[in-house]
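Here the structure comes first, spelled out in C-alpha cells, and everything after it is commentary.
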Amino acid sequence: MSNERTPRRGVLLIVASPSGAGKTSLCRRLMADHGGLELSVSMTTRGIRPGEVHGRDYNFVEHDEFQRLIDQDAFLEWADVHGNRYGSPRAPVDRALAEGRDVLFDIDWQGARDVAEKCPEDAVRVFILPPSLEELRRRLVTRSQDADDVIERRVANAKGEIEHCDAFDYVLVNEDFDRSYAELAHIYHAERSRRFRNLWVEDYRTALLREVV
Ligand code: GDP
Ligand code: ADP
Ligand code: 5GP
C-alpha cells in the first residue's frame, strides 16, 4: 500500500463464511490488489480440486502428516471442517508479525476464534454471509468443484456456521461482488490506519512538535 511508514504492527485479517459465500474470491482479489498482504496458505487433508495449485491454494497432505504436524505444535490453529482437517501453519505468521507485515486468513469460524484468542490485538475478523441459503447452494453448484453429496453437506452445515457470525468484528452480505469487495478493502485499510498499529507515529509526532516555524 502507498503512504507506508514503519515500524508498524501487522494486521491478521481473518475472513470466514459458510462454504460458497464467496470468501475465497474476495480474498483472491484482495491479495491481487495489495502486494504487501501475505496469504496464510493452509494445510489440508481434503483432496485437491481441479484448478487448485499445491502450495498456492493449500498444502495438500495425508492424514498421518497432518497428525505429525499437530504433534509438533506446527499450527497456530487447526480444525475439522466438513469432514476434513485444515490448519494454519504457525511459522509464516510468526515471521510476518515480527516483521510488521499483514497476513490474510481464509479459514472457518473455529479457526477465526482460535487466532483471535491467541493474537487478540492483531486479529480482525470478517464474516461473509450469503444473500440466502438458496443462493449459497446455487453458487456451490455453479462452482462445480464439489460432488453433489459434498455440496449438500456444506449447505447443511451452513446454519451452524452462520450462528457464529455474532463473534466477528465485521459482517458483510456478499450479494454484489464488487460492492462486497469494496467493503472488505475499506475494512482492511481502516484497520491498517489504527494508531496502535502505527508505531512510527510517536517519533513522527515528536519531530513535528519540535519543528520551528
Ligand atoms: P475457483 O475456485 O478457481 O473457481 O475460483 P472461485 O470460484 O473462487 O472464482 C472463480 C473466478 O470468478 C475468480 O476469478 C473470481 O475472481 C471470479 N468471481 C467470483 N465471484 C464473482 C462475481 O460475483 N462477479 C465476477 N465478475 N467475478 C467473480
Ligand atoms: P467460498 O470460498 O466461500 O467457498 P467462493 O469464493 O469459492 O466461496 O465462491 C463460491 C462461488 O460463488 C464461486 O463460483 C464464485 O465465483 C461465486 N461468487 C462469489 N461471490 C459471488 C457474488 N457476489 N455473486 C455471485 N457469485 C459469486
Ligand atoms: P474448502 O474445502 O472449501 O477449501 O474449505 C472448507 C472450509 O475450511 C472453509 O470454511 C475454509 O475457510 C476452511 N479452512 C481452510 N483452511 C483452514 C485452516 O487453515 N484452518 C481452519 N480452521 N479452517 C480452514
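Rule-based calculations on the coordinates, nothing more; no lab input. What you see is a predicted model, and the numbers here were worked out from it, not measured in a lab. When we count neighbours, we look across all protein chains shown, and the Cβ atoms used for this are built from the backbone with ideal geometry, even at glycine.
Can you tell which of HIS82, ALA147, ALA98 lies farthest toward the positive end of the dipole of the chain, using +1 and -1 charges on the Cβ of basic and acidic side chains (Lys, Arg; Asp, Glu)?
Of the options given, the answer is ALA98.
Round to the nearest 0.05 the FRET efficiency obtained for GLU52 and ASP149 when R0 = 22 Å and r is the Cβ-Cβ distance.
Plugging the Cβ-Cβ distance into 1/(1 + (r/R0)^6) gives 0.65.
Mind ranking 62-75, 183-196, 102-115 by how tightly packed they are, going by the mean number of other C-beta atoms within 10 angstrom, highest first?
Per-residue mean Cβ counts within 10 Å order the peptides as 102-115, 183-196, 62-75.
Within the chain, what percent of beta bridges assigned by DSSP are antiparallel, to the nearest 5?
30 percent
Where does helix 148-162 land angle-wise versus the long Cα axis of the chain, in degrees 0 to 90, nearest 10?
40 degrees
Report the GluC sites (Glu not before Pro) located in the range 75-157 that are in a DSSP loop and have at most 15 other Cβ atoms inside 10 Å of their Cβ, or state none.
When the GluC sites (Glu not before Pro) of the range 75-157 are filtered for loop state and at most 15 Cβ neighbours within 10 Å, GLU99, GLU121 remain.
With +1 assigned to the C-beta of every Lys and Arg and -1 to the C-beta of every Asp and Glu, and no other charges, what is the dipole magnitude of the range 107-213 about the Cα centre in debye, to the nearest 20?
The calculated dipole for the range 107-213 is roughly 300 debye.
Could you size up the charge dipole of the chain around its Cα centre, putting +1 on the beta carbon of Lys and Arg and -1 on that of Asp and Glu, and report it in debye to the nearest 20?
My answer is approximately 560 debye.
What does the chain give for Rg and for Dmax, in Å, if only its C-alpha atoms count?
Expressed in Å, the Cα Rg and Dmax of the chain come to 18.6, 71.
To one decimal place, what Kirkwood hydrodynamic radius in Å is obtained for the range 114-213 from all pairs of distinct Cα atoms?
Across the range 114-213, the inverse of the average 1/r is 17.0 Å.
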